[in-house]
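The structure under discussion appears below in the form of structure tokens.
Coordinate-derived values only; no laboratory data. The shown structure was predicted, so the numbers you read here are calculated from the model rather than taken from an experiment.
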Amino acid sequence: MKQKNHLSFVFLLFILFSLNSNCLAQRLPEEQLRFHRDYTENGLLFGTITFPDGKMRFDNYTFPIVYISPDKKLQRKYTKNLRIDPTMFVGKHYGELDGGRTYLFVLEKVPGLYNLSSAKFTIFKLFDYAPQYKSVSTVTSNIEVNKGEIIYIGNININEYANKGERVINFEDKFERDKKALKDLYKMVNWDLAKNMKIELNTNMFENISNY
């Protein structure tokens, strides 16, 4: 009975974490996305996240897109966690491109400067009360969002099977491919106005996650 209660608690924890992830971050809009530069105060960010293999190593992936401001309240308000939801009982990536290995994302953001400064990978252990985390630090060039603009921030490659000395996070330019994919998905947005920001890493951070 004690083991059964333990399993029930872990399952409940997993469900609550899943719901929290979905509520705090939405990788793609559920409804038809409408965006016109003359009728909005915000901008759009879009791109893709690619993994090296169809099999997931972790159960959840979180990428904080940090709003840069000396005002901590505004920073908390406009910082958005881009998340790929847990698939603990599936074990495979389920993105829109590359046989599931690549995920599309598009986020509406208030104008300002943003930065992708880290990534957090989560593993849920069946007999542990709390998830286990692995954080990877990275610093990108600032992402400038302007009113009415559509900005491409790149294809974020996550080498979740990286060995010691190998880069975990890298950026590639897949602008035309990613723009076309979103154009097919959301036809009420003029994706031809999108700008390629060509975001770059400002640091060479190599993290050892091979023994995690």
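Taking H as built 1.01 Å from N, whose amide H comes closer than 5 Å to the amide H of residue 101, not counting residues under 5 places away?
Amide H neighbours of residue 101, under 5 Å, 5+ apart: 95.
In terms of modelled amide H atoms, which long-range or inter-chain residues lie less than 5 Å from the amide H of residue 118?
Residues meeting the criterion, in which the H sits 1.01 Å from N, are 138.
Roughly speaking, what is the stretch gain from residue 79 to residue 97, that is 0.36 nm per residue apart minus the C-alpha to C-alpha distance, in nm to one decimal?
So the extension gain works out to 3.8 nm.
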